[in-house]
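S.K.: Pasting a structure below so you can have a look.
Derivation of every value follows stated rules applied to the coordinates shown; laboratory data play no part. Because the structure is a prediction, the values reported are computed rather than measured. Counting neighbours? That spans all protein chains shown, and the Cβs are built from the backbone with ideal geometry, glycine included.
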Amino acid sequence: MPTALITGITGQDGLYLAELLLTKGYDVHGLIRGQNNPKRDLVEHLLPDVRLHHGDLTDMSSLIRALRDSDPDEVYNLGAVSFVAYSWENAALTTDVTAKGVLNMLEAVRLHAGGHPEDVRFYQASSSEMFGKVQEVPQHERTLLWPRSPYGVSKVFGHYMTINYRESYGMHASSGILFNHESPRRGPEFVTRKISEAVARIKLGLQDHVVLGNLDAERDWGFAGDYVEAMWLMLQQPRGDDYVVATGETHSIRDFLDAAFAHVGIDDWTPYVRQDERFMRPAEVDHLIGDASKAREVLGWKPKVSFRELVAMMVDADLAATRQGW
Ligand code: NAP
Ligand code: F7E
């Protein structure tokens, strides 16, 4: 039975990845931080077969302990301060976790693997935010990186450190450059879930409007359940490598609003949406669209859920949850 250790198991991707690995027969371990993490109950309820280890990406000895106690064949480093807007307000914390945390994990894996660094396969959760002020359309693995936030800069550090450990120590280390992926498990601070929750509450008469920032930014949005399959596929290859994972379609926030409101029978959303400076960013990433040809050709990966299906899935889940009073 292969063994996997996932950091960020309480997050959107951690939950989907753990479910996927359990269905494949893995012994799954997760890193959980804090003395009384409020998401522990959720993980234990959804994933009773996952074993949790206390640790924090900023505390290398805790990572070494988690590796010793789980002894994994595969490590998926999904833990991060992941909210771009928050990263300007907490740039040093973001750097400690999202950038230096990757180095801590790589070094802990290298030490744990002793003389056989290739024996522990490593996945790093890199991001399309690294492309930032895009230098090429669509963006692929060799597109010049131009990050536009402390989060993006931190991800660039983690990305190159992963490549460096692969090249320096022969580690089986892969970096997945994932474009935005969403689901009903997306945190409510991110724009898609903020909209799907608001649409459900507006439809049910519990809220009269939603306040957003820039409606013109464009993102390549896919379904998180599809994207964790690409993570797993990367670690099944003979060598570590870097892959863009994306749908190849881009939509603006306005398009997302169109689809979400239309799904509940509202054709004109303008009376329900206000804009406010406080949700605008100091620097915006205007246009993202990924070229996932390499993932398609080498991994045999392609997305299954379309943009419209994703929006409908999120709005339906929020309608159901709101009706049940969650
Ligand atoms: P998420 O829902 O925000 O989850 C982030 C996870 O990181 C949570 O489990 C969180 O734990 C954990 N974490 C935060 N600080 C930590 C620390 N100091 N030590 C250990 N763990 C810590 O993010 P996600 O959407 O699942 O994304 C997973 C990864 O992919 C992240 O690295 C993200 O940056 C990256 N990524 C995401 C996307 C996307 O569109 N979703 C795209 C590209 C890359 P708590 O629950 O304890 O806070
Ligand atoms: O913003 C605009 C905002 O916060 C998307 C993370 O998973 O994906 C995510 O980062 C866009 C931006 O995601 C609001 O200005 C407008 O242009 O949902 P978001 P993100 O910043 O793209 C990447 C790939 C990651 O790696 C990150 O970890 O929507 N926007 N109005 C808004 N955004 C938010 N959050 N809230 C608004 O009210």
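S.K.: Build a GNM of the chain with springs between Cα atoms under 10 Å: which of Y227, Y76, Y169 gets the top mean-square fluctuation?
M.R.: Result: Y169 has the largest fluctuation of those listed.
S.K.: Which percent of Cα pairs goes in each bin when the distances of the chain are cut into 20 angstrom slices starting at zero?
M.R.: Once binned at 20 Å, the Cα pair distances of the chain give 32, 59, 9, 0.
S.K.: Where Lys and Arg each count +1 and Asp and Glu each count -1, what net charge lies around L106 among other residues with Cβ under 11 Å from its Cβ? Each step should come with its number before you reach the end.
M.R.: Values: positive: K100, R110, R166; negative: E107.
Result for the local shell: +2.
S.K.: Next up: Tell me, Kirkwood radius of segment 1-54 from alpha-carbon pair distances, in Å?
M.R.: Details: mean 1/r = 0.0918 Å⁻¹.
So the Kirkwood estimate lands at 10.9 Å.
S.K.: So which of K39/K194; K24/K304; K39/K304; K100/K294; K24/K302 end up more than 25 Å apart, counting from Cα to Cα?
M.R.: Too far apart for the 25 Å limit: K39/K304; K100/K294.
S.K.: While we're looking at this one, here's another question. Which aspartates and glutamates have a Cα less than 16 Å from the Cα of K133, not counting those fewer than 8 places away in the same chain?
M.R.: Straight-line reach from K133, under 16 Å: E141, D216, E218, D220, E284, D286.
S.K.: Let me ask something else about it. With everything on Cα atoms, drop me the angle between helix 100-113 and the longest principal axis of the chain, reported from 0 to 90° to the nearest 10.
M.R.: 30 degrees
S.K.: Under the rule of at least 5 residues apart or a separate chain, name every residue whose amide H is placed under 5 Å from the amide H of S126.
M.R.: G176, L178
S.K.: Compute, for segment 254-294, the length of the dipole vector about the Cα centre, with Cβ point charges of +1 (Lys, Arg) and -1 (Asp, Glu) only. Units Debye, rounded to 20.
M.R.: Roughly 180 debye, rounded to the nearest 20.
S.K.: Against the globular-protein guess of 2.2 N^0.38 Å, express the Cα radius of gyration of segment 65-130 as a ratio, rounded to two decimals. The partial results should precede the final answer.
M.R.: Values: Rg = 13.5 Å, N = 66, 2.2 N^0.38 = 10.8 Å.
Rg over 2.2 N^0.38 Å, computed on Cα atoms: 1.25.
S.K.: For segment 60-202, compute Rg over Rh where Rg is the Cα radius of gyration and Rh is the Kirkwood radius from the inverse mean 1/r over Cα pairs.
M.R.: 1.02
S.K.: Here is a follow-up. Please determine, in degrees from 0 to 90 and to the nearest 10, the orientation of helix 307-323 with respect to the longest principal axis defined by the Cα atoms of the chain, where the helix direction is its Cα long axis.
M.R.: Once rounded, one gets 80 degrees.
S.K.: Just to be sure I understand the model, the point goes 7 Å from the Cα along the line to the Cβ. What's the resulting L46 to K24 distance in nm?
M.R.: Computed distance between label sites L46 and K24 equals 1.8 nm.
S.K.: What are the ³J(HN,Hα) couplings of segment 49-60, residue after residue, when phi is run through the Karplus curve with 6.51, -1.76, 1.60 and θ = phi - 60°? Round to Hz, x for glycine and proline.
M.R.: Listing the rounded values in order: 8, 7, 9, 9, 10, 6, x, 9, 5, 8, 10, 4 Hz.
S.K.: For segment 239-324, run through the trypsin sites (Lys or Arg not before Pro) and keep only the ones in DSSP coil with at most 14 other Cβ atoms within 10 Å of their Cβ.
M.R.: The qualifying sites are R239, K304.
S.K.: Suppose only helical runs count, i.e. DSSP H with n ≥ 4. What mean residue ellipticity at 222 nm does that imply for the chain under -39500 (n - 2.57) per run, divided by all residues and rounded to the nearest 500 deg cm²/dmol? Walk me through the numbers before you get to the answer.
M.R.: On the way: 11 runs with 127 residues, N = 326.
Estimated from H runs of four or more residues: -12000 deg cm²/dmol.
S.K.: Another one. Looking at the P(r) of segment 165-245, how many percent of alpha-carbon pairs lie beyond 21 Å?
M.R.: Across segment 165-245, Cα pairs with separations above 21 Å total 48 percent.
S.K.: Could you tell me the center-to-center distance, by alpha carbons, between segment 205-239 and segment 1-70 in angstrom?
M.R.: 21 Å
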